[in-house]
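Working notes for the structure below.
The values are calculated or read from the model by the stated rules, or taken from the named source; none is laboratory data. Please read all numbers here as calculations on a predicted model, not as lab measurements. We place every Cβ from the backbone using ideal geometry, glycine too, and count neighbours over all the protein chains shown.
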Amino acid sequence: MTINISRATTLVAAFGFALPFGYTTAGDNVLNLPVIDISGRSESFDSLAPSAEQEASRLASVPGGTNLAQPTRETRLGSLRDALGYQPGIVIQDFSAGIDQPRFNIRGSGIQSNPISRGVLLLEDDLPVNDADGSFIIGLLEPRNSAWVSALRGGNALNPAASALGGEVNFRTLTGRDENGSLRFESGSFGRLGWQTALGGAGESLDGRISMTADDYDGFRHHSQSQRRTLSSNVGLRLDNGFENRTYLSWADLSFDIPFVVPGSRIDRDPDGVMGDGNTPQDNQLNVYARDPNRHIERTRLANRSSWLQGEARHTVGVYYQNTNDAFKNLLIDTPSQTDTVGAQWRVEGSLGDLDYGLGAGFDHSDIDRSFYAVSPTNGSRLKRFGDYDLQARNLFSNLDLTWNLDAEWSLLAGLRYTDSQRDANEKTPGKSLNQQWDWFAPKVGVNWRPNEKIRWYATVSTQREVPTFWEIVTSDVNAANPNITSTDVLKLRAQKAQTFEIGVQGAIHPMLNWDITVYRSEIRDELIATTDASGIRTGTYNYADRTRHQGVELGLHGSDDHYSYRLAWTYSNFRFVDGALEGNRIAGVPRNLINAELMRRLGRWQVGGNVYWLPDGSPIDHVNTPGLEQKNYALFGLKAIYEVCANWSFNVQGDNLTDRRYESSYVTRYQATAAQPSFTAGNGRSFSAGFSYRF
């Protein structure tokens, strides 16, 4: 069913749903923010390093699904799932459960990319981390440097650069005004070792902070070692006239071996095994030890932001540059890329009577040199180069958001976004060339209703567009049996288009009963669908010729008192092909139900409790929905204990998958799969970790 915008808008006005998402902290690990009155703003509300309370106030005006998390309140931060695992609507599936490239998506965004490399706009301090073609490397994110992480799901995104179907996720960097310093240490099973040290300070006008982190992980599976090193620093200036400036400099180095996928039949009998552990022809052809698939990324990033008041309006200008060297080798193809990305954004926010407004504009541009080499099946070295491309991506974007505060209970939102995107792919030697350009307007309307200070309702109708990245546009293929048979191609693809209707309610009527629930439905045209070869490597992408639908429920519950605290996130995803060749089938890639829950008991200085990560039902791994080829359901149980020496010093110990369940943590999506094909990754076995954190 296609949603009629005018009819849906009438329904929105008639029923008066509106978003009420916001948080304040209660307890150490549970975010529990009440409804916040945002009728009056302080001058520091739109500063360059807003507090979690200020971000909650901003999110409270957004009529749609949002999240807010504070990673530094988590006892363990070994992965992105540690930081965001209890957030409804955010799906994170481990690849090797190390420091690599987990499957990360919101409302089905980017589930067809393998590894996950598109579908969400990632931000650091409101400036994009994605390259201009929309791609990102998820493993470079370091949550230990973040004061908070916010997400505006789907069409609710407010950043002018946000055009991805999944919305935006913003990591706000810790500054010298947040803390004088910190020290964290973590150690655990399978060679897990991680630490962070940071120093910071603030004067009347100046502040600064520098942080170093290191992570090493031997891995549960064979050939799954990983390592990450980061250095992050920022310096801020704040003047009495309201002018602020902040400069950020960061460096990250990430490397990991890729254990790759195996047939599902191997998960139970050999969960830590890889292709090459057996003596079958398939093991010999796809031998992980011989081909040595791995990835090594080094990124340097420099950014600067300034903010000042002009009358009642606040202006913010940001510029950034990042250089990324990415050496990515799968079983068959070695694809080194070097990328230089620059970008700039401007935004002004203010009020005119009962009307709040936000106007933004900007651009970004990436130059990418990408080559393709066949991989030797005997020693993993590079064979002939069969592709050498100069890739250039450019975006111009702007957006206008207006919020009309009718009274203390009601507010209406109208937004309009314009984007002009260009992707030019040219083979350096005379050969394939394709220049593509897309431009569009994306409107949205929404309404907020707050019948009292405890409850808020919302509804929104929005439109989104998302253009393909160069990982979809430029394809490559190598014959596994004969690496001399190679090819590259450039694909002319359409932007995928979504029209989304969502309703929801958030309430905080008791410290032990806080909820946030969103129900959404997205009608999608031209969804980007990946094609994969028999070994599990993506070979191409096409636009599905007919309609698809993403719909679901995003539910969060949390609460705390003097004795107990709990949190629960349930994400229900029902994604289907509406018509066409696959009519009625489920779209492979995301579990139908994902539940993550934790209950903690406070006993003096101790907190003890348990948690569960639960997939109640299986999900198909191919779009044909071949019977018997599913990611099987499973539940992982864990225990955790925290001892608080004082307000700034704590120790923790944690056990995961205590029943030592053998399960499929992730998989490769295909049009049609067979049981013999390598498709699954095995999740970690029983593991334990311990650590401490100290804040100066």
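With of a type in the set (Val, Ile, Thr), closer than 30 Å to Leu406 by Cα, touching a residue at least 60 places away in the same chain (Cβ under 8 Å) and buried (at least 16 other Cβ atoms within 10 Å of the Cβ) as the only criterion, which of Thr335, Thr324, Thr316 stands out? Working first, answer last.
Details: Thr335 fails: closer than 30 Å to Leu406 by Cα; Thr324 fails: closer than 30 Å to Leu406 by Cα.
Within the list Thr335, Thr324, Thr316, the selection yields Thr316.
Against the condition modelled with pLDDT of 95 or more and closer than 30 Å to Tyr542 by Cα, how does Leu594 come out, does it pass? If you could, list the steps in order and put the result at the bottom.
Details: modelled with pLDDT of 95 or more: yes; closer than 30 Å to Tyr542 by Cα: yes.
Criteria met by Leu594.
Give Ala498, Ala425, Ala442 a once-over and let me know the one that is touching a His at 6+ places or on another chain (Cβ under 8 Å) and under 24 Å from Asp131 (Cβ atoms). Even if it seems obvious, please write down each step before you answer.
Numbers: Ala425 fails: touching a His at 6+ places or on another chain (Cβ under 8 Å); Ala442 fails: touching a His at 6+ places or on another chain (Cβ under 8 Å).
On inspection, the qualifying residue turns out to be Ala498.
Sort out which residues of segment 384-423 are farther than 24 Å from Gly350 by Cβ, surrounded by 15 or more Cβ atoms within 10 Å (Cβ to Cβ) and over 26 Å from the mean Cα position of the chain (by Cα), and write them in order of number.
Passing the criteria: Phe386, Gly387, Asp388, Tyr389.
Could you tell me whether Ser79 is crowded, with 24+ Cβ neighbours inside 10 Å, under 19 Å from Asp656 (Cα atoms) and at pLDDT below 85?
no
Taking the criterion of being farther than 24 Å from Ala481 by Cβ, outside any strand (DSSP E or B) and touching a residue at least 60 places away in the same chain (Cβ under 8 Å), would at least one residue in segment 270-279 satisfy it? Talk me through it step by step, then tell me what you get.
Going residue by residue through segment 270-279, those that are farther than 24 Å from Ala481 by Cβ are 270-272.
Cutting the leftovers down to outside any strand (DSSP E or B) gives us 270-272.
If we keep only those that are touching a residue at least 60 places away in the same chain (Cβ under 8 Å) too, we end up with 271-272.
Yes.
Give me the residue from segment 352-379 that is without any contact (Cβ under 8 Å) to a residue 60 or more places away in the chain, touching a strand residue (DSSP E or B) at 6+ places or on another chain (Cβ under 9 Å) and not in a loop (DSSP other than H, G, I, E, B) and, out of that set, farthest from Ile137 (Cα to Cα).
Leu355
What about Glu453, is it out of contact with any helix residue (DSSP H, G or I) (no Cβ under 9 Å at 6 or more places or on another chain), within 27 Å of Gln345 (Cα to Cα) and modelled with pLDDT under 95?
On the way: out of contact with any helix residue (DSSP H, G or I) (no Cβ under 9 Å at 6 or more places or on another chain): yes; within 27 Å of Gln345 (Cα to Cα): no; modelled with pLDDT under 95: yes.
For Glu453, the condition - out of contact with any helix residue (DSSP H, G or I) (no Cβ under 9 Å at 6 or more places or on another chain), within 27 Å of Gln345 (Cα to Cα) and modelled with pLDDT under 95 - is not met.
Within segment 611-619, is even one residue within 29 Å of Met512 (Cα to Cα), surrounded by fewer than 21 Cβ atoms within 10 Å (Cβ to Cβ), in contact with a Phe, Trp or Tyr (Cβ under 9 Å, 6 or more places away or on another chain) and hydrophobic (A, V, I, L, M, F, W, C)?
Yes: segment 611-619 contains one or more residues that are within 29 Å of Met512 (Cα to Cα), surrounded by fewer than 21 Cβ atoms within 10 Å (Cβ to Cβ), in contact with a Phe, Trp or Tyr (Cβ under 9 Å, 6 or more places away or on another chain) and hydrophobic (A, V, I, L, M, F, W, C).
Quickly run through segment 637-669 and pick out the residues that are surrounded by fewer than 15 Cβ atoms within 10 Å (Cβ to Cβ), out of contact with any Leu (no Cβ under 7 Å at 6 or more places or on another chain), within 30 Å of Pro259 (Cβ to Cβ) and not acidic (Asp, Glu).
Correct list: Thr659 only.
Got at least one residue in segment 189-196 being closer than 22 Å to Leu254 by Cβ, in contact with a helix residue (DSSP H, G or I) (Cβ under 6 Å, 6 or more places away or on another chain), modelled with pLDDT under 90 and not basic (Lys, Arg)? I'd like the intermediate steps shown before the answer.
Initial filter on segment 189-196 (closer than 22 Å to Leu254 by Cβ): 189-196.
If we keep only those that are in contact with a helix residue (DSSP H, G or I) (Cβ under 6 Å, 6 or more places away or on another chain) as well, we get 196.
Keeping just the survivors that are modelled with pLDDT under 90 gives none.
Checked against the condition, which is being closer than 22 Å to Leu254 by Cβ, in contact with a helix residue (DSSP H, G or I) (Cβ under 6 Å, 6 or more places away or on another chain), modelled with pLDDT under 90 and not basic (Lys, Arg), segment 189-196 yields no hits at all.
Within segment 534-542, is even one residue in contact (Cβ under 8 Å) with a residue 24 or more places away in the chain, buried (at least 22 other Cβ atoms within 10 Å of the Cβ), on the phi < 0 side of the Ramachandran plot and of a type in the set (Ser, Thr, Tyr)?
Looking through segment 534-542, none of the residues is in contact (Cβ under 8 Å) with a residue 24 or more places away in the chain, buried (at least 22 other Cβ atoms within 10 Å of the Cβ), on the phi < 0 side of the Ramachandran plot and of a type in the set (Ser, Thr, Tyr).
Can you tell which of Pro102, Pro143, Pro63 is out of contact with any Asp or Glu (no Cβ under 7 Å at 6 or more places or on another chain) and within 26 Å of Ser189 (Cα to Cα)?
Values: Pro102 fails: out of contact with any Asp or Glu (no Cβ under 7 Å at 6 or more places or on another chain); Pro63 fails: within 26 Å of Ser189 (Cα to Cα).
Among Pro102, Pro143, Pro63, only Pro143 is out of contact with any Asp or Glu (no Cβ under 7 Å at 6 or more places or on another chain) and within 26 Å of Ser189 (Cα to Cα).
Being part of a loop (DSSP other than H, G, I, E, B), more than 30 Å from Gly176 (Cα to Cα) and in contact with an Asp or Glu (Cβ under 8 Å, 6 or more places away or on another chain) is the filter here, so list the residues in segment 662-696 that pass it. Before the answer, list the steps.
So the first thing to find is which residues in segment 662-696 are part of a loop (DSSP other than H, G, I, E, B), and the list is 662-663, 668-669, 671-679, 683-686, 696.
Keeping just the survivors that are more than 30 Å from Gly176 (Cα to Cα) gives 662-663, 668-669, 671-679, 683-686.
Scanning segment 662-696 gives Arg662, Thr669, Tyr671, Gln672, Ala673, Gly683, Asn684, Gly685, Arg686.
Given the criteria acidic (Asp, Glu) and either without any contact (Cβ under 8 Å) to a residue 12 or more places away in the chain or touching a Pro at 6+ places or on another chain (Cβ under 8 Å) (or both), does Asp516 qualify? Let's see the steps before the verdict.
Working: acidic (Asp, Glu): yes; either without any contact (Cβ under 8 Å) to a residue 12 or more places away in the chain or touching a Pro at 6+ places or on another chain (Cβ under 8 Å) (or both): yes.
Yes; evaluated as a whole, the condition is true for this residue.
Test each condition in (1) touching a strand residue (DSSP E or B) at 6+ places or on another chain (Cβ under 6 Å); (2) touching a residue at least 60 places away in the same chain (Cβ under 8 Å); (3) within 25 Å of Phe680 (Cβ to Cβ) for Leu286 and report the one that comes out false.
Tallying (1) touching a strand residue (DSSP E or B) at 6+ places or on another chain (Cβ under 6 Å); (2) touching a residue at least 60 places away in the same chain (Cβ under 8 Å); (3) within 25 Å of Phe680 (Cβ to Cβ), Leu286 fails exactly one: (1).
Take Ile485 and tell me if it is without any contact (Cβ under 8 Å) to a residue 24 or more places away in the chain, out of contact with any Asp or Glu (no Cβ under 6 Å at 6 or more places or on another chain) and among the hydrophobic types (A, V, I, L, M, F, W, C).
Details: without any contact (Cβ under 8 Å) to a residue 24 or more places away in the chain: yes; out of contact with any Asp or Glu (no Cβ under 6 Å at 6 or more places or on another chain): yes; among the hydrophobic types (A, V, I, L, M, F, W, C): yes.
Yes.
Take the residues in segment 635-660 that are aromatic (Phe, Trp, Tyr) and free of Cβ contacts under 8 Å to residues at least 40 places away in the same chain, then tell me which one is farthest from Gln112 (Cα to Cα). Full working, then the answer.
Within segment 635-660, the subset aromatic (Phe, Trp, Tyr) is 637, 643, 649, 651.
Imposing the further condition that a residue be free of Cβ contacts under 8 Å to residues at least 40 places away in the same chain reduces the set to 637, 643.
Numbers: Phe637: 29, Tyr643: 42 Å.
Checked segment 635-660; the qualifying residue farthest from Gln112 (Cα to Cα) is Tyr643.
So which residues in segment 350-369 are touching a Gly at 6+ places or on another chain (Cβ under 8 Å) and either crowded, with 21+ Cβ neighbours inside 10 Å or within 29 Å of Arg291 (Cβ to Cβ) (or both), if there are any at all? If you could, list the steps in order and put the result at the bottom.
Kept after step one, since they are touching a Gly at 6+ places or on another chain (Cβ under 8 Å), are these residues of segment 350-369: 350, 356-357, 362-365.
Listed by number, the residues that qualify are Gly362, Asp364.
As an exercise: evaluate Arg269 against (1) surrounded by fewer than 22 Cβ atoms within 10 Å (Cβ to Cβ); (2) over 30 Å from Glu664 (Cα atoms) and give the number of the one condition it does not meet.
(2)
Among the aliphatic types (A, V, I, L, M) and buried (at least 24 other Cβ atoms within 10 Å of the Cβ), is that true of Ala56? Don't jump to the end; show me each part of the working.
Details: among the aliphatic types (A, V, I, L, M): yes; buried (at least 24 other Cβ atoms within 10 Å of the Cβ): yes.
Here the answer is yes, as Ala56 does meet what is asked.
Which residues, counting only those in segment 225-256, are over 19 Å from Glu298 (Cα atoms) and of a type in the set (Ser, Thr, Tyr)? Give the derivation first.
Filtering segment 225-256 down to residues over 19 Å from Glu298 (Cα atoms) leaves 234-247.
Selection gives Thr247 alone.
Just one of (1) in contact with a Pro (Cβ under 6 Å, 6 or more places away or on another chain); (2) modelled with pLDDT of 95 or more trips up Ser337, so point out which.
Here Ser337 clears every test but (1).
Out of curiosity, is Tyr634 buried (at least 16 other Cβ atoms within 10 Å of the Cβ), within 30 Å of Thr548 (Cβ to Cβ) and modelled with pLDDT of 95 or more?
On the way: buried (at least 16 other Cβ atoms within 10 Å of the Cβ): yes; within 30 Å of Thr548 (Cβ to Cβ): yes; modelled with pLDDT of 95 or more: yes.
In short, yes.
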